[in-house]
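Trainee: Encoded as structure tokens, here's the structure I'll be asking about.
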Amino acid sequence: MNALRYSNISVILHWLVAIMLVFAMVMGTTSLVNIPNDDPEKINALKGHMIFGFLITTFMIVRLIAKMKSINPPPMVTDNALRDKIGASVHSALYILVILMGLSGLGIALLAGVPDVILGVEGASLPETFNELLPRLAHGVVAKLIMATVVLHVVAALYHQLILKDNIITRMALGKRFKD
């Protein structure tokens, strides 16, 4: 039996992760980077960013599990095998990159002692910069890769919807999953 749409949990998590990911990326690239580590406001900004990062990573893992355990629509096929392979690769890359982003964020937090600072442990402070931490380099590179992959994903979805007119967007919408 082929599904017409993804499961409601997959659909909800897809759009929730998408919105939260955009917010976290904007926050990380515009706000956090401009607040010096010795500014008390940095702690509040880091708390929010870390909470979002944790939720995004958790939701992405739950989404992956739901996708693996659910009956899903068949892969989209076009008249171009290379384009079909790229589409499948982009989806896999998004899962991998988002999970790597969460792990690199966790690595930064642990190596920089952020939990102690957030919990108010006496004498705990943020390092002058996170730039010397290897996970910080990974976090920055993965962020750029996610941004590029998301743009590719959105452009491909619009291409399918508007040019190929294969109604791909309905696969990621709430509604009836199976034909009667």
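Read the figures in this text as sums done on the coordinates, not as results from a lab. These numbers come from a predicted model, not from an experiment. No Cβ is skipped: glycine too gets one built from the backbone with ideal geometry, and neighbour counts run over all protein chains shown.
Trainee: Based on alpha-carbon positions alone, could you give the equivalent ellipsoid semi-axes of the chain from the gyration tensor, as √(5λ), descending, whole Å? Kindly include the intermediate steps, with their values, before the conclusion.
Mentor: Details: eigenvalues 276, 56, 34 Å².
Result for the chain: semi-axes of 37, 17, 13 Å.
Trainee: Something else about it: Pairs of alpha-carbon atoms within less than 8 angstrom and 6+ residues apart define the contacts here; what relative contact order does the chain have, in percent? Present the calculation step by step, with values, prior to reporting the outcome.
Mentor: On the way: 171 pairs, mean separation 66.4, N = 180.
This gives 37 percent for the chain.
Trainee: Further, regarding this structure: Listing VAL141, VAL26 from the residue with the fewest other Cβ atoms within 10 Å to the one with the most, what is the order? Kindly include the intermediate steps, with their values, before the conclusion.
Mentor: On the way: VAL141 14, VAL26 10.
Fewest-to-most Cβ neighbours within 10 Å comes out as VAL26, VAL141.
Trainee: Could I ask something else about it? From the alpha carbon gyration tensor of the range 80-180, can you work out the equivalent ellipsoid semi-axes (sqrt of 5 times each eigenvalue) and give them in Å, largest to smallest?
Mentor: 40, 17, 10
Trainee: So what is the calculated 222 nm ellipticity per residue for the chain, using -39500 (n - 2.57) for each DSSP H run with n of 4 or more, over all residues, to the nearest 500 deg cm²/dmol?
Mentor: Working: 5 runs with 111 residues, N = 180.
Value at 222 nm, helices only: -21500 deg cm²/dmol.
Trainee: What is the fewest-to-most order of MET20, MET60 by other Cβ atoms lying within 10 Å of their Cβ? Intermediate results must be reported in sequence, preceding the final value.
Mentor: On the way: MET20 16, MET60 24.
Fewest-to-most ranking of MET20, MET60: MET20, MET60.
Trainee: Separation between the ASN34 and TRP15 pseudo-spin-labels, each 7 Å from Cα along Cα→Cβ, expressed in nm?
Mentor: Modelled inter-label distance: 3.1 nm.
Trainee: Residue by residue through the range 137-149, which ³J(HN,Hα) values in whole Hz follow from phi under the Karplus form 6.51 cos²θ - 1.76 cosθ + 1.60 (θ = phi - 60°), with glycine and proline marked x?
Mentor: Karplus values, whole Hz, x for Gly and Pro: 4, 4, 4, x, 5, 5, 4, 5, 5, 5, 4, 5, 5.
Trainee: Lys/Arg Cβ at +1, Asp/Glu Cβ at -1, dipole of the range 8-172 taken about the Cα centre: which of LEU134, ALA66, VAL22 is farthest positive-ward?
Mentor: ALA66
Trainee: Now, a different point. According to the square roots a ≥ b ≥ c of the eigenvalues of the Cα gyration tensor, what is the shape class of the range 1-63, taking rounded for a/c under 1.5, prolate for a/b larger than b/c otherwise, and oblate for the remainder? Don't skip to the answer; put the middle values down first.
Mentor: On the way: a/c = 5.34, a/b = 3.21, b/c = 1.66.
Cα axes put the range 1-63 in the prolate bin.
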